[in-house]
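Here is the structure we will look at.
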Amino acid sequence: MRISFAAGLCVILAACAQVGPVGTPAANTTSSPSADSAGSAASAPRISPPPVTPPVAPGTKLPAFACADTAGGTTGVANVTAVRVSEPVGFDRFVLQFDGPVPKYTVKRQDKPTFPMGASGQTITLSGTAGALVTVHSATESNTYTGSTDMSHTEFLVIKEARLTQDFEGSVSWALGLDHAACMRTFTLTGPSRLIVDFTTATG
């Protein structure tokens with residue numbers, strides 16, 4: 001009886017040991033993509049991201065920061081198509097973009113952020129303790145710019161607010177409320193045409 005029971009147990013154990021497919025161990029198996037899948041991957045279209053135009057082309061020599069009013073531009077008429085403010089490392093930036101060469105402009109610094117509102121005689125006070133007025137002559141933006149005309153950036157170190165104060169009789173003015181009086185640099189770029197006003201964030 002004991003011999004029969006032991007023989008039966010051996011049979012059961014042998015059957016359990018052989019459960020599963022018979023073949024080489026899994027550790028020795030390798031898989032590789034089929035020729036069809038490799039061909040599909042090779043022939044799949046490659047999508048490249050569009051090129052990004054840097055705000056300033058490499059190698060461009062920028063003017064030094066100066067604590068003085070500035071002026072520039074060329075004789076002609078152009079329309080404002082975009083207005084931006086940003087805070088790159090080391091300075092805050094205000095940008096006016098045009099559909100043609102940048103017309104004559106002035107950038108005048110102010111002790112206070114209080115500005116006239118066009119020809120109405122009224123004034124407006126922006127955020128900050130100092131200001132700068134950017135005026136472009138022979139320009140308009142009422143029909144070509146649809147973005148914000150009052151941009152507030154309390155998190156910026158210098159430019160706290162930028163607001164359109166005039167778009168009348170061929171003259172466009174943007175007032176800038178500054179956290180404090182800061183030296184600036186102005187210059188123009190092409191492709192597209194832009195007027196750039198930078199305020200240094202350096203202290204001391």
The range 79-131 - residue that is assigned to a loop (DSSP other than H, G, I, E, B) and among the β-branched types (Val, Ile, Thr) and, of those, surrounded by the most Cβ atoms within 10 Å (Cβ to Cβ): 102
Does at least one position in the range 143-156 carry a residue that is buried (at least 18 other Cβ atoms within 10 Å of the Cβ), closer than 24 Å to residue 202 by Cα and touching a Leu at 6+ places or on another chain (Cβ under 6 Å)? no
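Out of curiosity, is residue 202 of a type in the set (A, V, I, L, M), modelled with pLDDT under 95, under 26 Å from residue 63 (Cα atoms) and not in a strand (DSSP E or B)?
It is true that residue 202 is of a type in the set (A, V, I, L, M), modelled with pLDDT under 95, under 26 Å from residue 63 (Cα atoms) and not in a strand (DSSP E or B).
Can you name every residue in the range 132-158 that is among the aliphatic types (A, V, I, L, M) and not in a loop (DSSP other than H, G, I, E, B)?
Quick first cut of the range 132-158, residues among the aliphatic types (A, V, I, L, M) only: 132-134, 136, 139, 151, 157-158.
Passing the criteria: 132, 133, 134, 136, 139, 151.
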Right, residue 100: farther than 23 Å from residue 187 by Cβ and of a type outside the set (A, V, I, L, M, F, W, C) or not? no
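It is to be established whether one or more residues within the range 171-188 are of a type in the set (S, T, N, Q), touching a residue at least 40 places away in the same chain (Cβ under 8 Å), assigned to a strand (DSSP E or B) and under 21 Å from residue 63 (Cα atoms). Let's see the steps before the verdict.
First, the residues of the range 171-188 that are of a type in the set (S, T, N, Q): 171, 173, 186, 188.
Checking which are touching a residue at least 40 places away in the same chain (Cβ under 8 Å) leaves us with 173, 186, 188.
Remaining after also requiring assigned to a strand (DSSP E or B): 173, 186, 188.
From the residues that got through so far, the ones that are under 21 Å from residue 63 (Cα atoms) too are 186, 188.
Checked the range 171-188: at least one residue is of a type in the set (S, T, N, Q), touching a residue at least 40 places away in the same chain (Cβ under 8 Å), assigned to a strand (DSSP E or B) and under 21 Å from residue 63 (Cα atoms).
Would you say residue 177 is at pLDDT 95 or above and among the small types (Gly, Ala, Ser)?
Details: at pLDDT 95 or above: yes; among the small types (Gly, Ala, Ser): yes.
When the stated conditions are applied, residue 177 passes them.
The values are calculated or read from the model by the stated rules, or taken from the named source; none is laboratory data. In this text, all values refer to a predicted model and were calculated from it rather than measured experimentally. Counting neighbours? That spans all protein chains shown, and the Cβs are built from the backbone with ideal geometry, glycine included.
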